[in-house]
Amino acid sequence: MRLLLILFAAAFFAFAVESRPQIPSSSTKQQADAIFSSVTQATAPGLAVLVRKDGRTVFEKGYGVRDLRTNAKIDQHTNLRLASFTKQFTATAVMLLVHEGKLRYEQTLTEIFPDFPAYGKDITIRHLLNHTGGLPDYEDLMEAVETPRNSWVWTPERQIQDAEVLKLLEHETKGKFPPGTSWSYSNSGYVVLGLIVAKASGESYGDFLRARMFAPLHMDHTIVYQKGKNEVANRAFGHSKEGDALAETDQSSTSATLGDGGIYSNLEDLAKWDDALRNHTLLSADEMAPALVPAKLANRKPTLWPVEPNGDNLHPGQPVSYGFGWFLDSYWGVPRMWHTGSTMGFRTIIERFTANNLTIIILCNRTDLDPEALAVKTVDLYLNLKPKE
């Protein structure tokens with residue numbers, strides 16, 4: 001009997017050891033540190049990095065400074081502009097309102113905004129979420145308004161607001177393509193989704209996200225930034241290369257729009273966001289499922305990046321898979337959900353390998369860094385997916 005108990009205890013201990021989440025070694029952390037320490041200097045703008053494995057933070061570090069005026073160091077509490085990383089929060093807000101019965105995925109623009117022109121009668125919330133709506137790009141519409149004779153209507157000091165984006169879209173008579181017939185990454189669509197969240201909830205976009213998402217998750221320092229209305233604590237400012245030097249380039253004429261890129265957050269809060277996604281804290285697995293279904297075109301042809309290169313076109317002419325606020329594809333055969341962000345002075349990325357319980361978040365306050373390439377190096381380190389040569 002004693003021998004059986006010993007054997008049982010040994011087997012149980014072995015099972016417990018095998019089932020325990022693997023903790024990366026100090027060598028792995030040193031290799032991760034080498035990836036990031038090589039791309040910036042302690043006295044220059046830099047980046048914040050978070051790696052989570054099996055629900056635990058296994059690497060978290062800041063590199064460089066928040067700005068060149070104070071030289072305050074970047075750390076896990078530093079708030080950086082997320083840029084298009086914001087889109088997953090906007091999509092989640094819409095999904096929460098769908099769950100409450102205040103919105104429907106097949107609801108059209110003209111149902112929500114009765115003054116919207118006829119080309120919006122077939123553009124649905126689903127189209128906006130997965131970038132198949134064909135709305136004109138609001139930055140192109142801004143350029144059309146800003147003729148030499150009309151001087152500059154919008155500047156970093158006089159930034160375009162969400163309501164003005166809607167007005168520009170309402171002055172058009174057609175979209176880029178009939179909804180559902182093509183795919184084109186659309187900041188216009190996510191600005192409009194932010195306005196839809198506000199209209200359906202009866203609160204501002206920022207107030208709704210604070211009350212329904214950030215506060216319940218204790219993301220206490222994450223905010224929808226609106227100049228003159230709130231302030232970003234521990235704020236990092238954006239920078240760009242000008243010649244051989246880095247200069248502060250924090251705000252542009254489009255930096256005030258919200259649903260497409262207006263959130264500031266930090267590593268500490270984004271670890272909580274990762275937990276909420278993994279544990280289905282805000283949305284059940286069934287409620288989240290539509291976000292993880294790649295967009296389908298009406299003719300069943302594959303979705304592709306547009307052929308014409310531009311700043312929002314990451315891979316011209318190549319296949320693309322997008323759900324609601326997430327790119328969906330695989331890396332060396334392993335499924336991932338991810339999103340990048342790029343705006344005046346900032347570059348960001350989140351990559352989630354749910355089957356492997358790995359999340360990588362990189363937030364940069366300088367535009368000459370490539371967080372997507374850095375994330376790939378980090379995945380290679382922690383998952384070792386590439387076949388050996």
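The values are calculated or read from the model by the stated rules, or taken from the named source; none is laboratory data. Source: prediction; values computed, not measured. So basically every Cβ, Gly included, is an ideal-geometry build from the backbone, and we count neighbours across all protein chains shown. The protein model used for the area step is the full one, side chains on, heavy atoms only, and it has no ligands, DNA or RNA in it. Shrake-Rupley method; radii C 1.70, N 1.55, O 1.52, S 1.80 Å.
For Ala298, what charge total do you get from the other residues with a beta carbon under 13 Å from its beta carbon, if Lys and Arg give +1 and Asp and Glu give -1?
Result for the neighbourhood of Ala298: +3.
Taking the mean number of other Cβ atoms within 10 Å as a proxy for protection, how do you rank 314-322, 72-80 from highest to lowest?
72-80, 314-322
Let me have the 222 nm mean residue ellipticity of the chain computed from DSSP H runs of 4+ only, each contributing -39500 (n - 2.57), with the sum over all residues rounded to the nearest 500.
It lands at -9000 deg cm²/dmol.
If you average the sequence gap of Cα pairs under 8 Å that are 6 or more apart and divide by the length of the range 65-190, what percent do you get for the contact order?
Taking the mean separation of contacting Cα pairs over the length of the range 65-190, I get 27 percent.
Ordering Val51, Val307, Val98 by how much accessible area each has at a 1.4 Å probe, largest first, what is the list?
Putting Val51, Val307, Val98 in descending order of accessible area: Val307, Val98, Val51.
Compare Glu242, Glu139 by solvent-accessible area with a 1.4 Å probe and give them largest first, with all protein chains kept in place.
Largest to smallest exposure gives the sequence Glu242, Glu139.
Just how much of Glu164 is accessible, in Å², when a 1.4 Å probe is used and the result is rounded to the nearest 10?
50
Taking Cα atoms, how many degrees apart are the long axis of helix 267-279 and the longest axis of the chain, rounded to 10 and kept between 0 and 90?
With both axes taken from Cα atoms, the answer is about 80 degrees.
Once the Cα atoms of helix 371-383 and of the chain are each reduced to a long axis, what angle between those two axes, in degrees from 0 to 90 to the nearest 10, is obtained?
Taking Cα atoms only, the helix is inclined about 20 degrees.
Quick one: accessible surface of Asp54, probe radius 1.4 Å, all protein chains present, in square angstrom to the nearest 10.
Accessible area, nearest 10 Å²: 50 Å².
Once you charge only the Cβ atoms, +1 for Lys and Arg and -1 for Asp and Glu, what is the size of the charge dipole of the chain about its Cα centre, to the nearest 20 debye?
My answer is approximately 1020 debye.
Does the range 121-206 classify as rounded, prolate or oblate by the C-alpha gyration tensor (a ≥ b ≥ c root eigenvalues; a/c under 1.5 gives rounded; else a/b over b/c gives prolate, otherwise oblate)?
Taking the square roots of the gyration eigenvalues as a ≥ b ≥ c, the range 121-206 is oblate.
For the range 216-311, what class follows from the C-alpha gyration tensor (a ≥ b ≥ c being the square roots of its eigenvalues): rounded when a/c is under 1.5, otherwise prolate if a/b is larger than b/c, else oblate?
oblate
Can you list the aspartates and glutamates whose alpha carbon sits under 17 Å from that of Lys102, skipping same-chain ones fewer than 8 residues off?
Glu111, Glu203, Asp207, Glu287
Could you work out the local net charge near Gly55, counting Lys and Arg as +1, Asp and Glu as -1, over the other residues with Cβ closer than 10 Å to its Cβ?
For residues surrounding Gly55, the net value is +1.
Please work out how much length the chain gains when fully extended from Phe177 to Asp275, using 0.36 nm per residue of separation minus the C-alpha to C-alpha distance, in nm with one decimal.
Gain in length upon complete extension: 31.5 nm.
Excluding residues on the same chain fewer than 8 positions from Lys29, give the lysines whose Cα lies under 23 Å from its Cα.
Hits, sequence-local ones excluded: Lys53, Lys61, Lys73, Lys272, Lys377, Lys386, Lys388.
I want the antiparallel fraction of DSSP beta bridges within the chain, as a percent rounded to 5.
95
Would you mind telling me the share, in percent, of accessible area of the chain contributed by carbon and sulfur at probe 1.4 angstrom?
54
Using a 1.4 angstrom probe, figure out how much accessible area the chain has per residue, in square angstrom, rounded to the nearest whole.
For the chain, the solvent-accessible area averages 46 Å² per residue.
Treating the beta-carbon of each Lys and Arg as +1 and of each Asp and Glu as -1, no other charges, what is the dipole magnitude of the range 238-389 about its Cα centre, to the nearest 20 debye?
My answer is approximately 640 debye.
Angle between the Cα long axis of helix 2-19 and the longest principal axis of the chain, 0 to 90 degrees, nearest 10?
30
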